[in-house]
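Have a look at the structure below, then the notes.
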Amino acid sequence: MSTTHSPTIANLEAAFAGESMAHIKYLHFAKIARAHGDLETAALFEETAKQEVQHALGHADLLFPAAKLNPQQVLQLAIAGETHEYTAMYPKFHHAAVQEGNHLAAGEFAEQIAESQQHAAEFAALLAKAAKRFAALAKVEERHAKQYEKRLESAR
């Protein structure tokens with residue numbers, strides 16, 4: 001999780017996006033093949049999709065190293081991503097689709113704006129709940145520390 005944006009980080013992000021997209025695309029292709037009765041092709045796409053997930057997760061491990069992140073940080077990253085989707089990405093896509101007269105795509109993008117807002121709100125609510133729990137734990141730990149200090153003083 002680098003704060004500098006190096007060419008390697010950009011390449012890892014592109015590889016992560018590509019492998020993630022390949023996973024979903026191959027699952028979609030498997031569904032198409034299965035609908036046409038071609039179970040062998042469907043099975044090949046499904047197996048390859050599993051491999052693409054593993055590739056994507058390898059890139060994610062480098063982009064978002066577990067040893068450097070905690071639940072609060074990943075919630076913040078998720079909120080930022082979802083917020084970008086509903087404030088910038090999907091509105092831009094929606095506008096372009098409307099301009100082109102592609103009403104199906106415009107409808108899809110409008111749905112994604114609403115869902116991204118919901119996801120960001122859910123992540124934010126969980127983050128707020130976790131902050132309250134942490135604050136409560138901090139008070140308990142402070143109380144314990146004071147008790148230990150008193151016992152230490154009386155033992156001297």
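The values are calculated or read from the model by the stated rules, or taken from the named source; none is laboratory data. Values in this document were obtained by computation on a predicted structure and should not be read as measured data. Cβ coordinates were reconstructed from backbone atoms using ideal geometry, including for glycine residues, and neighbour counts include every protein chain displayed.
Any residue in segment 77-94 that is surrounded by fewer than 14 Cβ atoms within 10 Å (Cβ to Cβ), without any contact (Cβ under 8 Å) to a residue 12 or more places away in the chain and farther than 21 Å from Ile9 by Cα? For segment 77-94, residues surrounded by fewer than 14 Cβ atoms within 10 Å (Cβ to Cβ), without any contact (Cβ under 8 Å) to a residue 12 or more places away in the chain and farther than 21 Å from Ile9 by Cα: present.
The condition (being outside the structural domain of Asn11 (by TED's automatic domain parsing) and either out of contact with any His (no Cβ under 7 Å at 6 or more places or on another chain) or closer than 19 Å to Ala14 by Cα (or both)) is satisfied by just one residue among Ala49, Ala105, Ala110, Ala33: Ala105.
Scanning segment 50-69 for residues being part of a helix (DSSP H, G or I) and either in contact (Cβ under 8 Å) with a residue 40 or more places away in the chain or surrounded by 15 or more Cβ atoms within 10 Å (Cβ to Cβ) (or both) gives a total of 9.
Here Val140 fits the description: among the β-branched types (Val, Ile, Thr), more than 20 Å from Pro71 (Cα to Cα) and modelled with pLDDT under 95.
With the structure loaded, tell me whether Ser154 is of a type in the set (Ser, Thr, Tyr), surrounded by 14 or more Cβ atoms within 10 Å (Cβ to Cβ) and in a helix (DSSP H, G or I) or whether it fails that test. Judged against the criteria, Ser154 is not a match.
In the list Phe45, Phe29, Phe16, which residue meets the criterion of being under 26 Å from His5 (Cα atoms), assigned to a helix (DSSP H, G or I) and among the hydrophobic types (A, V, I, L, M, F, W, C)? Of the residues listed, the single one that is under 26 Å from His5 (Cα atoms), assigned to a helix (DSSP H, G or I) and among the hydrophobic types (A, V, I, L, M, F, W, C) is Phe16. Among the acidic types (Asp, Glu), at pLDDT 90 or above and either part of a helix (DSSP H, G or I) or loosely packed, with under 14 Cβ neighbours inside 10 Å (or both): does that describe Glu149? Here the answer is no, as Glu149 does not meet what is asked.
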